[in-house]
Amino acid sequence: MRKILIEPTENPKVMKFVTDYNLIPGSLELDRSSDISEIPLAQELFNYPFVERVFITANFVAVAKQETVEWEHVAESLKNVIEDELLANPRIYLQKKKEMYQIYAEMTPNPNVMKFVSNKLLMDGFVEVKSREAAGEVPLAQAIFNEFDFAQEVFISDNFVAVTKNDSVEWHQIMMAVRGFIAEYLQNGGVISNLEPQKHENPVEKIINRDYTDDEQKISDILNEYVAPAVENDGGKISLMEYDESTKTAKMLLQGACSGCPSSTATLKNGIENILKQFVPELVEKVEAVNG
């Protein structure tokens, strides 16, 4: 904890808060019209309505107040704020507060896939990296592959990273290491992806490069409303890829944790097929899985 000494000045409106090291080169004078977007200390001080100006130089912060309050009532509070901010940002000049990423691990129905969920949005949409060779434009996936030999696939979507492992290890042996690695990578400002994320609204657009027919759109709408939320909750994605009108067969693209999942076939047959038969019996009699 940085210890701060409170020192009065000749100006009764100004108080100095002195620390034991030089804060910045030069000086910084700020008032309420200044750009303080990258100065967390100033942001915190100006949260107090009676603070008029902040002057930072050498080893102290000087605060000018309005005459409506007395120093004896507010000096200790300001001192605590300055101590806390210097602990977080010792070099306060144009220092941004680091975003804190909290990562927790979550099982998926696929025993080889673990979801690592962040408290912050990672991307708007998703990217899927199916192999080490395909990771060039996705630095986070590349870093995971470089760090962990057992990693086979990486699926990044919204606020989570789903990692597929091979059979050489069990998750209980490696989960903490993977979680810690991803958290540290994000915390240090690592680039997540240089690729444009695919959009959730129509994720197969780039694959099949065509618009849905009216029948396909009906099937897709039911999938999006009744199936997609539960599947995405498990770290996967499911989309209508192809519809065969003659056999009334809907082919589904499985991505993320769904891809290669032992329970995928059962889920499709028992769950999705039943839902589609119930809502559009005139369109669907059978559902097939296509791994993404």
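The values are calculated or read from the model by the stated rules, or taken from the named source; none is laboratory data. Everything quoted here is computed from the prediction, not taken from an experiment. As a convention, Cβ positions derive from the backbone with ideal geometry for all residues, glycine included, and neighbour counts pool all protein chains shown.
Scanning region 154-196 for residues that are in the same structural domain as ASN119 (by TED's automatic domain parsing), acidic (Asp, Glu) and closer than 22 Å to GLU232 by Cα yields one hit, ASP158.
Condition (residue is of a type in the set (Lys, Arg), more than 30 Å from PRO8 (Cα to Cα) and either buried (at least 19 other Cβ atoms within 10 Å of the Cβ) or out of contact with any helix residue (DSSP H, G or I) (no Cβ under 8 Å at 6 or more places or on another chain) (or both)) applied to region 85-92: is it met by at least one residue? Scanning region 85-92 turns up no residue that is of a type in the set (Lys, Arg), more than 30 Å from PRO8 (Cα to Cα) and either buried (at least 19 other Cβ atoms within 10 Å of the Cβ) or out of contact with any helix residue (DSSP H, G or I) (no Cβ under 8 Å at 6 or more places or on another chain) (or both).
Please specify each residue of region 185-216 satisfying the condition of being surrounded by 14 or more Cβ atoms within 10 Å (Cβ to Cβ), more than 29 Å from GLU147 (Cα to Cα), at pLDDT 75 or above and not aromatic (Phe, Trp, Tyr). Answer for region 185-216, where residues must be surrounded by 14 or more Cβ atoms within 10 Å (Cβ to Cβ), more than 29 Å from GLU147 (Cα to Cα), at pLDDT 75 or above and not aromatic (Phe, Trp, Tyr): ASP215, GLU216. At least 1 residues being among the acidic types (Asp, Glu) and in contact (Cβ under 8 Å) with a residue 40 or more places away in the chain is the threshold, and among the strands (runs of 3 or more DSSP E) wholly inside region 106-172 those reaching it are 126-129, 151-157.
Just a yes or no: is a residue in region 241-256 modelled with pLDDT under 80 and of a type in the set (Gly, Ala, Ser)? It would help to see each step written out before you state the result.
Just the residues of region 241-256 that are modelled with pLDDT under 80, to begin with: 253-256.
Next, only the ones that are of a type in the set (Gly, Ala, Ser) stay: 256.
Checking region 241-256: at least one residue is modelled with pLDDT under 80 and of a type in the set (Gly, Ala, Ser).
The selection criterion, being loosely packed, with under 12 Cβ neighbours inside 10 Å, in contact with a strand residue (DSSP E or B) (Cβ under 7 Å, 6 or more places away or on another chain) and at pLDDT 90 or above, does not hold for PRO49. Of all residue pairs spaced 6 or more apart or on separate chains, those with beta-carbon atoms under 7 Å, a first member in region 27-38 that is without any contact (Cβ under 8 Å) to a residue 40 or more places away in the chain and a second member that is surrounded by 11 or more Cβ atoms within 10 Å (Cβ to Cβ) and in a loop (DSSP other than H, G, I, E, B) are LEU30/ILE36; ARG32/PHE46; ILE36/PHE46. If you go through region 24-46, how many residues are at pLDDT 85 or above and assigned to a loop (DSSP other than H, G, I, E, B)? Adding up the residues that qualify gives 7. The selection criterion, being within 15 Å of ASN11 (Cα to Cα), assigned by TED's automatic domain parsing to the domain that holds ASN22 and outside any loop (DSSP other than H, G, I, E, B), holds for ALA64. For region 97-106, check the following and say yes or no: at least one residue is of a type in the set (Ser, Thr, Tyr), loosely packed, with under 14 Cβ neighbours inside 10 Å and within 30 Å of GLU170 (Cα to Cα). Yes, region 97-106 has at least one match.
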